[in-house]
Amino acid sequence: MTTATENPLLEIRKISKFFGSVIALQDVSAFVRAGEVTCLLGDNGAGKSTLIKVLAGVHKPTDGSYFFEGREMDFDSPRDALDLGIATVYQDLAMIPLMSIWRNFFLGSEPTRGFGPFKRYDVDFAKDTTRKEMGKMGIDIRDPDQPVGTLSGGERQSVAIARAVYFGAKVLILDEPTAALGVKQAGTVLKYIVQAKNRGIGVIFITHNPHHAYPVGDHFVVLRRGQVYGDFTKEEIPLEQLVQMMAGGADLEVLQHELETELRRGAEPAAEGAAADDGPSPEDG
Ligand SMILES: Nc1ncnc2c1ncn2[C@@H]1O[C@H](COP(=O)(O)OP(=O)(O)O)[C@@H](O)[C@H]1O
Ligand SMILES: [Mg+2]
């Protein structure tokens with residue numbers, strides 16, 4: 001288990017978040033260093049999105065502390081986090097499909113030229129910069145006028161990543177950027193994650209896919225039901241074990257046993273006067 005956290009860029013200690021009586025996060029500690037990728041793994045409902053929202057300044061934690069560059073933080077809004085260079089790329093990407101790549105790139109931070117009544121959107125600068133910045137990430141944009149909606153999912157993710165990097169991200173938080181993508185496109189996004197890391201950015205990569213996390217991650221924080229189940233460096237954990245952990249390990253064995261019993265029952269000849277169907281069984285949330 002990782003205990004030493006020398007020079008973390010961003011660190012949280014014992015963060016809890018309650019929504020009324022729902023405990024979304026409990027005593028979660030994690031960190032990311034500059035030039036490293038921290039992977040945050042967990043099944044649906046594990047608390048990943050809640051944790052990101054705490055990191056991004058959207059939610060105030062119920063308890064615990066948050067440090068950035070060694071100083072304790074207390075954000076009132078996502079703008080506070082963004083101004084310090086903590087950038088978050090959400091799954092919906094906050095882009096407008098019918099608008100061009102360059103307009104989306106500068107959405108909310110439009111460059112201008114001139115003063116007062118002569119002030120106008122510096123279109124040439126926006127187009128040039130978009131092409132240049134995308135080029136730095138290894139993407140060749142032939143036509144920055146192309147609507148974002150015509151890009152593939154992987155390319156759209158990379159526009160969002162390039163934008164965050166250009167606007168000075170020190171920490172880049174990516175919420176399931178590969179979840180809706182095919183193998184090849186997921187590979188493209190993983191490449192940009194490595195490029196961001198190589199530029200010295202601390203990347204927090206959220207995913208439920210250990211096969212996506214493992215090749216790019218420096219360490220792996222496994223969340224389960226709002227708590228940290230483990231935090232492992234790549235040296236400490238082989239891929240197979242991470243897969244097993246994500247698959248639910250023991251839970252999966254129980255399920256397998258139950259399925260086998262069901263299948264055996266189905267194969268048996270129907271007994272006369274069989275017990276009435278007991279209807280839907282209560283589910284354990
Ligand atoms: N705004 C909210 N109000 C009440 N409960 C919430 C809220 N946001 C998340 N939760 C609950 O917190 C838990 C963790 O959710 P979430 O962080 O979305 O998990 P994940 O992203 O890992 O799927 C879930 O039980 C969810 O229902
Ligand atoms: Mg989520």
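The values are calculated or read from the model by the stated rules, or taken from the named source; none is laboratory data. The structure presented is a predicted model; accordingly, all values stated were derived computationally and were not measured. Methodologically, a virtual Cβ is constructed for each residue, glycine included, from the backbone with ideal geometry; neighbour enumeration extends over all protein chains shown.
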Given (1) of a type in the set (A, V, I, L, M); (2) within 14 Å of Trp102 (Cα to Cα); (3) within 16 Å of ligand 1 (Cβ to nearest atom), Leu174 misses just (2)
Checked segment 192-243 for anything more than 13 Å from ligand 1 (Cβ to nearest atom) and among the hydroxyl-bearing types (Ser, Thr, Tyr); matches are Tyr192, Tyr214, Thr233
Those residues of segment 25-45 which are buried (at least 22 other Cβ atoms within 10 Å of the Cβ) and either within 16 Å of ligand 2 (Cβ to nearest atom) or of a type outside the set (Phe, Trp, Tyr) (or both) amount to Leu25, Val28, Ala30, Val32, Val37, Thr38, Cys39, Leu40, Leu41, Gly42
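Rundown of residues vs (1) free of Cβ contacts under 8 Å to residues at least 40 places away in the same chain; (2) in contact with a helix residue (DSSP H, G or I) (Cβ under 9 Å, 6 or more places away or on another chain), yes/no style:
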| position | (1), (2) |
| --- | --- |
| Glu6 | yes, no |
| Phe19 | yes, yes |
| Val32 | no, no |
| Glu36 | no, yes |
| Gly42 | no, yes |
| Lys48 | no, no |
| Ile52 | no, no |
| Gly57 | yes, yes |
| Gly64 | no, yes |
Quick count over segment 73-99, residues being under 19 Å from the mean Cα position of the chain (by Cα), at pLDDT below 85 and surrounded by fewer than 17 Cβ atoms within 10 Å (Cβ to Cβ), is 3
Residue count, segment 62-85, condition within 16 Å of ligand 1 (Cβ to nearest atom) and either on the phi > 0 side of the Ramachandran plot or part of a loop (DSSP other than H, G, I, E, B) (or both), comes to 2
Of the residues in segment 179-233, those that are over 12 Å from Gly35 (Cα atoms), of a type outside the set (S, T, N, Q) and assigned to a helix (DSSP H, G or I) number 14
All-but-one check, His59 against (1) more than 14 Å from the chain's Cα centre (by Cα); (2) more than 10 Å from ligand 1 (Cβ to nearest atom); (3) of a type outside the set (S, T, N, Q), failing number (2)
Pairs returned, first residue in segment 170-184 that is at pLDDT 80 or above, second residue that is within 13 Å of ligand 1 (Cβ to nearest atom) and small (Gly, Ala, Ser), beta-carbon separation under 8 angstrom, 6 or more apart or interchain, are Ile173/Ala56; Asp175/Ser49
